[in-house]
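Report on the following structure.
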Amino acid sequence: MKLVRLTFENYKIFKNRESIEFRPLTIIIGRNNSGKSVITRFPLILARSLSEVAQSPLDLKIDGLDFSQSFVDVIHNRSPHGAVHLSADFLTDTDEPISMAVTIQYFSEYRLQHVQSFACEKKGKTFTLNWRGTDPVKEPNKYSFDEESIDVPCFLQRDFAI
């Protein structure tokens, strides 16, 4: 699959929703501390997080490199209970679009990332999961889902190659 767009909100330097489309040649330029490294590292973090070796929803350690000290560093203004919204759009080898979006909440008292919501769209159908709990340790799996689109299996597949 080919990555065609990344969208993020409340992620590092980017408070508002930002989206970047990838072309065969994508050049990212800007002033110092404008977010260039954040954008260029994000596909690596995304690929690791979607792999079978991921240790957390947003795995920040890749092949011995730490992309952030903790998840708080990923959240805009380092909010100890903040959340980030991330999404990615892909095209399959047959040019079929697939979109995924996730909101990850941080609970500083547990030092824990927790998926608040997840959506996957494929063939015009969307599967959504939303966490309905209040405590991620006591209710980690208290999710509801959109029953009308349950037949979309892409959320179960771990074979998204970037």
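Numbers below:
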| item | result |
| --- | --- |
| Portion, in percent, of the accessible area of the range 1-134 that falls on carbon or sulfur, probe 1.4 Å | 49 |
| Whole-number D in µm²/s for the range 55-106 (Stokes-Einstein; Kirkwood sum over Cα pairs; 25 °C, 0.890 mPa s) | 191 |
| Where trypsin sites (Lys or Arg not before Pro) fall in DSSP loop in the range 97-126, at most 14 other Cβ within 10 Å | Arg111, Lys123 |
| For the range 43-84, the spread of Cα positions along each principal axis, largest first, Å | 28, 17, 17 |
| Cα Rg, Dmax (largest Cα-Cα span) when computed across the chain, Å | 15.9, 47 |
| Pairs beyond 26 Å (Cα-Cα), from Lys2/Lys138; Lys15/Lys36; Lys2/Lys123; Lys12/Lys61; Lys36/Lys61; Lys36/Lys123 | Lys2/Lys138; Lys36/Lys123 |
| Paramagnetic reach from Ile28 (point 7 Å along Cα→Cβ, amide N under 13 Å) across the range 78-102 | none |
| Base-10 log of normalised Debye intensity for the range 15-57 (one unit scatterer per alpha-carbon) at q = 0.15, 0.19 Å⁻¹ | -0.50, -0.75 |
| Mean ellipticity per residue at 222 nm, deg cm²/dmol - from DSSP H runs of n ≥ 4 across the chain, formula -39500 (n - 2.57) | -3000 deg cm²/dmol |
| Extension reserve of the Glu18-Asp95 stretch, reckoned as 0.36 nm per residue once the Cα distance is removed | 25.3 nm |
| Longest site-free stretch - the chain; sites: GluC sites (Glu not before Pro), DSSP loop, at most 13 other Cβ within 10 Å | 53-108 |
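The values are calculated or read from the model by the stated rules, or taken from the named source; none is laboratory data. Small disclaimer: the values here were computed from a predicted structure and weren't measured. Cβ: placed from backbone, ideal geometry, glycine included. Neighbour counts: every protein chain shown. Ligands, DNA and RNA are excluded from the accessible area calculation, which covers all protein heavy atoms including side chains. Shrake-Rupley method; radii C 1.70, N 1.55, O 1.52, S 1.80 Å.
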